[in-house]
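The values are calculated or read from the model by the stated rules, or taken from the named source; none is laboratory data. Because the structure is predicted, anything quoted here is derived from the model rather than measured. We place every Cβ from the backbone using ideal geometry, glycine too, and count neighbours over all the protein chains shown.
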């Protein structure tokens, strides 16, 4: 997932929209995978905190994120 896509989601549908958060989660994993662990962990923590505010702290998305599962961003097509 490209950070440009995340920036576009934040701008067009909002920083805490569930689809934006799904993109953010995946970018956090990508950053860690390419050796930018500090950035990845910071974004992961920010994303999980936002998931808690938006979806509730016991939501399945939070449990999946902590288990290391990437978010499925192919759920609904987004139009900008």
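Conditions (1) in contact with a strand residue (DSSP E or B) (Cβ under 9 Å, 6 or more places away or on another chain); (2) touching a residue at least 60 places away in the same chain (Cβ under 8 Å); (3) over 19 Å from residue 7 (Cβ atoms); (4) surrounded by 12 or more Cβ atoms within 10 Å (Cβ to Cβ), marked per residue:
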site: 24; (1), (2), (3), (4): no, no, no, yes
site: 40; (1), (2), (3), (4): no, no, no, yes
site: 47; (1), (2), (3), (4): no, no, no, yes
site: 50; (1), (2), (3), (4): no, no, no, yes
site: 56; (1), (2), (3), (4): no, no, yes, no
site: 60; (1), (2), (3), (4): no, no, yes, no
site: 65; (1), (2), (3), (4): no, no, yes, yes
site: 68; (1), (2), (3), (4): no, no, yes, no
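Conditions tested, residue by residue: (1) touching a helix residue (DSSP H, G or I) at 6+ places or on another chain (Cβ under 6 Å); (2) outside any helix (DSSP H, G or I).
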residue: 8; (1), (2): no, no
residue: 11; (1), (2): no, no
residue: 16; (1), (2): yes, yes
residue: 20; (1), (2): yes, no
residue: 25; (1), (2): yes, no
residue: 39; (1), (2): yes, no
residue: 43; (1), (2): yes, no
residue: 46; (1), (2): no, no
residue: 50; (1), (2): yes, no
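When region 27-37 is limited to residues that are free of Cβ contacts under 8 Å to residues at least 24 places away in the same chain and touching a helix residue (DSSP H, G or I) at 6+ places or on another chain (Cβ under 6 Å), the one that is nearest to residue 71 (Cα to Cα) turns out to be 28. With respect to being within 13 Å of the chain's Cα centre (by Cα) and at pLDDT 95 or above, residue 11 falls outside the description.
Please find, within region 4-16, the residue that is farthest from residue 65 (Cα to Cα) out of those that are touching a residue at least 24 places away in the same chain (Cβ under 8 Å) and surrounded by fewer than 18 Cβ atoms within 10 Å (Cβ to Cβ).
12
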